[in-house]
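Peer 1: What follows is a structure written as structure tokens; I'll ask about it next.
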Amino acid sequence: LKGGLTVETLKNNGAHNLISALLTKGFGNLKEKEIKEIVENSSSSLNGFSGKNAYGLTLHGLSEKMELLFPLFIGSLINPSMNPKDFTHEREMVYRALDNLEKNPLQQCFKKIEKLMFHKHPYSMNQMGTRESVKALNRKKLIDLHNLNLKKKEILFTYCGNQDIEEIIGLLSE
């Protein structure tokens, strides 16, 4: 999905990073544990990602498992639970990562370079956000932002495998 760091402000910096961390934590009646079990038993992976210009999901698996895995991908993308417990946990993980960043001289150097190179451009911000911006985020804001992105932003789907394009388009069209 179009999103990520370039569409964030100082107020909501880190939002897409948190959304991407929450996408695979469950949807509908499926919990994270069940999703992980299905994915692992299929020798596959389902992960969220967030970058400078986009965020979303990647699904890697065998084409023969598509019928089993595709609903997990779409459910996670379109209707993630983002339950309060997972939100709190992921926010705490961001806080820990930010603490570690402050203790790492190399990361501090890159942080300074980004500020010098990009000034007030969004690329000057940390993809994880800041303590202040992450603290200001809540579950509802993330759900609203993700739903708005699903409705209004461009989405790119890529597929690499041996199924016909018509089959893949048919899955996505539903």
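The values are calculated or read from the model by the stated rules, or taken from the named source; none is laboratory data. Computed from a predicted structure; not experimentally measured. Cβ: placed from backbone, ideal geometry, glycine included. Neighbour counts: every protein chain shown. Just so you know, the surface numbers come from the protein's heavy atoms only, side chains and all, with ligands and any DNA or RNA stripped out. Shrake-Rupley method; radii C 1.70, N 1.55, O 1.52, S 1.80 Å.
Peer 1: Could we say that Leu137 is at pLDDT 90 or above, open to solvent by less than 50 Å² (accessible area, probe 1.4 Å) and closer than 22 Å to Met93 by Cα here? Don't jump to the end; show me each part of the working.
Peer 2: Details: at pLDDT 90 or above: yes; open to solvent by less than 50 Å² (accessible area, probe 1.4 Å): yes; closer than 22 Å to Met93 by Cα: yes.
When the stated conditions are applied, Leu137 passes them.
Peer 1: Further, regarding this structure: Looking at segment 21-30, is at least one residue assigned to a strand (DSSP E or B), in contact with a Leu (Cβ under 9 Å, 6 or more places away or on another chain) and within 20 Å of Asn147 (Cβ to Cβ)? Before you say what the answer is, go through the steps one by one.
Peer 2: Here is the first cut: in segment 21-30, the ones assigned to a strand (DSSP E or B) are 26-27, 30.
Still in the running and in contact with a Leu (Cβ under 9 Å, 6 or more places away or on another chain): 27, 30.
Cutting the leftovers down to within 20 Å of Asn147 (Cβ to Cβ) gives us 27, 30.
Scanning segment 21-30 turns up at least one residue that is assigned to a strand (DSSP E or B), in contact with a Leu (Cβ under 9 Å, 6 or more places away or on another chain) and within 20 Å of Asn147 (Cβ to Cβ).
Peer 1: Another question about this same structure. Taking the condition acidic (Asp, Glu), closer than 20 Å to Gly14 by Cα, open to solvent by less than 50 Å² (accessible area, probe 1.4 Å) and modelled with pLDDT of 95 or more, does Glu132 pass? I'd like the intermediate steps shown before the answer.
Peer 2: On the way: acidic (Asp, Glu): yes; closer than 20 Å to Gly14 by Cα: yes; open to solvent by less than 50 Å² (accessible area, probe 1.4 Å): no; modelled with pLDDT of 95 or more: yes.
No: the conditions fail for Glu132.
Peer 1: Kindly provide the set of residues from segment 32-68 that are charged (D, E, K, R) and touching a residue at least 24 places away in the same chain (Cβ under 8 Å), ordered by number. Before the answer, list the steps.
Peer 2: To start, the set of residues in segment 32-68 that are charged (D, E, K, R) comprises 32-34, 36-37, 40, 52, 64-65, 67.
Across segment 32-68, the qualifying residues are Glu32, Lys52.
Peer 1: Restricting to segment 1-43, count the residues that are open to solvent by less than 50 Å² (accessible area, probe 1.4 Å), charged (D, E, K, R) and under 18 Å from Lys141 (Cα atoms).
Peer 2: Residues that pass the stated criteria total 2.
The rows are residues; the columns are (1) within 24 Å of Gly26 (Cα to Cα); (2) open to solvent by 50 Å² or more (accessible area, probe 1.4 Å); (3) of a type in the set (Gly, Ala, Ser).
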{"site": "Phe73", "(1), (2), (3)": "yes, no, no"}
{"site": "Thr88", "(1), (2), (3)": "yes, yes, no"}
{"site": "Arg96", "(1), (2), (3)": "yes, yes, no"}
{"site": "Asp99", "(1), (2), (3)": "no, yes, no"}
{"site": "Glu102", "(1), (2), (3)": "no, yes, no"}
{"site": "Lys115", "(1), (2), (3)": "no, yes, no"}
{"site": "Lys141", "(1), (2), (3)": "yes, yes, no"}
{"site": "His146", "(1), (2), (3)": "yes, no, no"}
{"site": "Lys151", "(1), (2), (3)": "yes, yes, no"}
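Peer 1: Do the conditions hold for Leu46, that is, is it open to solvent by less than 40 Å² (accessible area, probe 1.4 Å), outside any helix (DSSP H, G or I) and at pLDDT 95 or above? If you could, list the steps in order and put the result at the bottom.
Peer 2: Values: open to solvent by less than 40 Å² (accessible area, probe 1.4 Å): yes; outside any helix (DSSP H, G or I): yes; at pLDDT 95 or above: yes.
When the stated conditions are applied, Leu46 passes them.
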